[in-house]
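> I have a structure I would like to understand better, so I am pasting it below and will then ask my questions one at a time.
The values are calculated or read from the model by the stated rules, or taken from the named source; none is laboratory data. From a predicted model like this one, the values you see are computed outputs, not experimental measurements. We place every Cβ from the backbone using ideal geometry, glycine too, and count neighbours over all the protein chains shown. For the accessible areas, the whole protein counts, side chains as well, though only heavy atoms, and no ligand, DNA or RNA atoms are used. Shrake-Rupley method; radii C 1.70, N 1.55, O 1.52, S 1.80 Å.
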Amino acid sequence: MPASFREDGVRIRRSYDSTSEVLGLGYRSHSVSAFCGVYPDPMVGYYGVQNHTTGVRGYVFWDYMYVENASALPSC
């Protein structure tokens, strides 16, 4: 699913947890897509993303991403 980072320096994490290891950073200029969504809490969500610019695959807190048609993403 087409996606984009809302700001520069967004942390891409190993797991959908704010304490999980940071695998890389995403920037607005990067090419990125979302492959799934996970919602561990009603007020918290993460997207599984593939950063095509850097090759990093991981999870990003939903507030830092824009995902076209996010409701159509499968669960992680």
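> Pick from region 27-40 the residues that are within 21 Å of P74 (Cβ to Cβ) and touching a strand residue (DSSP E or B) at 6+ places or on another chain (Cβ under 7 Å): which of them is modelled with the lowest pLDDT?
Looking at the filtered set, the residue picked out is Y39.
> Would you be able to say whether some residue in region 33-45 is open to solvent by 80 Å² or more (accessible area, probe 1.4 Å) and in contact with an Asp or Glu (Cβ under 7 Å, 6 or more places away or on another chain)?
Looking through region 33-45, none of the residues is open to solvent by 80 Å² or more (accessible area, probe 1.4 Å) and in contact with an Asp or Glu (Cβ under 7 Å, 6 or more places away or on another chain).
> Quick one: which of V56, V67, V60, V49 is open to solvent by less than 70 Å² (accessible area, probe 1.4 Å) and farther than 11 Å from I12 by Cα?
Answer to the selection: V67.
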